[in-house]
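Below: the structure, in structure tokens.
The values are calculated or read from the model by the stated rules, or taken from the named source; none is laboratory data. Just so you know, these numbers come straight off a predicted model, no measurement behind them. No Cβ is skipped: glycine too gets one built from the backbone with ideal geometry, and neighbour counts run over all protein chains shown.
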Amino acid sequence: MKTILLVDDEKSLLLSIEEGLATHVDRYAVLTAQDGREALKIMADHQVDIVVTDLKMPNMNGFELLAHLQTHYSQLPAIIMTAFNTPQIEDRFKDNAGIQLLEKPLDFDELATAIRKGLKNGYPGGTVSGMSLSNFMQLIEMEASSCLMEVHTADNIGGQIFFVNGDIHDAHFGQFAGKEAAIRLLALEDVKIKISDLPDPQIAKQIDMGLMSLLMEGARLKDETAAQEQAAAGQAADLKIASNADQAPTADTASDQEVRPAPAPTNILTTLKGDNIMQQITDCLDKFKMIEGFQAVGVFTPNGEIVAESSSNGMNLSEIGALANDILLKSQKTTEIMDIGRGQQIHVETGKAHLIARSLNEATDFSVTSPGKAHIHMVLILNRDSNLAMGKMKLESVIQEVAQHFR
């Protein structure tokens, strides 16, 4: 019989889950804890096969518990309960982490399925060892938590990231601080994570980049480092071949002995910057300026990070666009629940303006971002008395033009 450990500070919820799993009593034994500290005490005395935990709890919260499990119980499957899940976050964790996310209020059949999947032998990445630094950071942002994240490599090189209400305020790593420190920490691999309370709740905000932008910069730095290492390895191999050669190779054998460094990995941010495509995207967006009543337009990643924008009045779309993007995501999830397919566009009309948010996802499953397939959102704002029809037509054509840069 497998043992499930439920961790949540709401006693009524724990009782409810126990009752919901009562039909599986012949297969599962259920233990409960009301915070992470109590959970670890139980795990010290009992063999636990899977942990189902909330994130926001007193004493020792779910983030601290997961970080501890990653270090000390790395092969243990885990399920996270959250009230702030989205299809995009779900997809990201499905692909990259050993963690399953379930949205509150829980569906007991869905929970039972998740438990069976987590306990299944050979479930790919099905343990907390599969959680990366970026996964932890996305959870903290999603839950709007305030905490200190300590990051340590296998060589015990450490750094710190400070979160206030889910927003990254500062970071320290060696001689680096702020944005540069955060990016370098995100480029690290095989790290151990510890979560604790902020030493000072009034942490000054030193980082002006959103999490997704930091993640992309971290990925770029990681790719550049890997490319440099590959190039160095290739050069060393060339020198070794040259020094060991007893005689000059013939024309037939020269090509066989030549060792070239592997091509550098590509990444979307490197491509956008390196080929000056950001300017091309901005030029596409500037086409909206010909429309009467145009205010602003922006391109966003599926989770709300702005990529490029254009406006007629200096409007900053970062916050407005992110809110509109959130409305689009919620409407997409609602239409799926209604079983009428995933919505692709919303139009909000107010007394002053029209706001149109459009999603383009070329993947077969509209909730998933696939390699080589564009997945972007665009937000357009027009005056109340603007040429609305022209704006919608232009949106349809421009989003296709912009999409080619994301394939």
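Brief remarks on what is shown
- Restricted to the stretch 182-233, and to residues there that are of a type in the set (D, E, K, R) and surrounded by 16 or more Cβ atoms within 10 Å (Cβ to Cβ), the residue that is nearest to SER145 (Cα to Cα) is LYS194.
- Only listed residue being touching a residue at least 40 places away in the same chain (Cβ under 8 Å), of a type in the set (A, V, I, L, M, F, W, C) and crowded, with 23+ Cβ neighbours inside 10 Å, chosen from LEU65, LEU21: LEU65
- Long-range neighbours under 7 Å by Cβ, at least six apart or interchain, first residue more than 19 Å from SER132 (Cβ to Cβ) within the stretch 216-233, second at pLDDT below 80 and surrounded by fewer than 17 Cβ atoms within 10 Å (Cβ to Cβ): ALA227/ALA264; ALA227/PRO265; GLN230/ALA262
- Put simply, of LEU76, LEU101, LEU69 the only residue that is in contact with a Ser or Thr (Cβ under 7 Å, 6 or more places away or on another chain), outside any loop (DSSP other than H, G, I, E, B) and either within 27 Å of THR153 (Cα to Cα) or modelled with pLDDT under 85 (or both) is LEU101.
- Some residue of the stretch 184-196 being of a type in the set (S, T, N, Q), out of contact with any strand residue (DSSP E or B) (no Cβ under 6 Å at 6 or more places or on another chain) and either outside any loop (DSSP other than H, G, I, E, B) or over 30 Å from VAL25 (Cβ atoms) (or both): no
- Tally, over the stretch 133-171, of residues that are of a type outside the set (S, T, N, Q) and surrounded by fewer than 18 Cβ atoms within 10 Å (Cβ to Cβ): 9
- Flag for LEU148 being under 26 Å from MET81 (Cα atoms), touching a residue at least 12 places away in the same chain (Cβ under 8 Å) and more than 17 Å from the chain's Cα centre (by Cα): yes
- Residue selected from the stretch 8-35 under the condition among the aliphatic types (A, V, I, L, M) and part of a strand (DSSP E or B), by the criterion farthest from the chain's Cα centre (by Cα): ALA29
- Looking across the stretch 28-58, just one residue is within 16 Å of ILE79 (Cβ to Cβ) and out of contact with any Leu (no Cβ under 9 Å at 6 or more places or on another chain), and that is LYS56.
- Listed by position, the strands (runs of 3 or more DSSP E) inside the stretch 279-363 whose residues that are over 20 Å from ASN387 (Cα atoms) and in contact (Cβ under 8 Å) with a residue 60 or more places away in the chain number at least 1 are 294-300, 306-311.
- Residue that is farthest from the chain's Cα centre (by Cα) [pool: residues in the stretch 207-232 that are assigned to a loop (DSSP other than H, G, I, E, B) and either β-branched (Val, Ile, Thr) or within 28 Å of HIS68 (Cα to Cα) (or both)]: ILE207
- Candidate set: the stretch 372-383, residues that are without any contact (Cβ under 8 Å) to a residue 40 or more places away in the chain and touching a strand residue (DSSP E or B) at 6+ places or on another chain (Cβ under 9 Å); chosen: the one surrounded by the fewest Cβ atoms within 10 Å (Cβ to Cβ): LYS373
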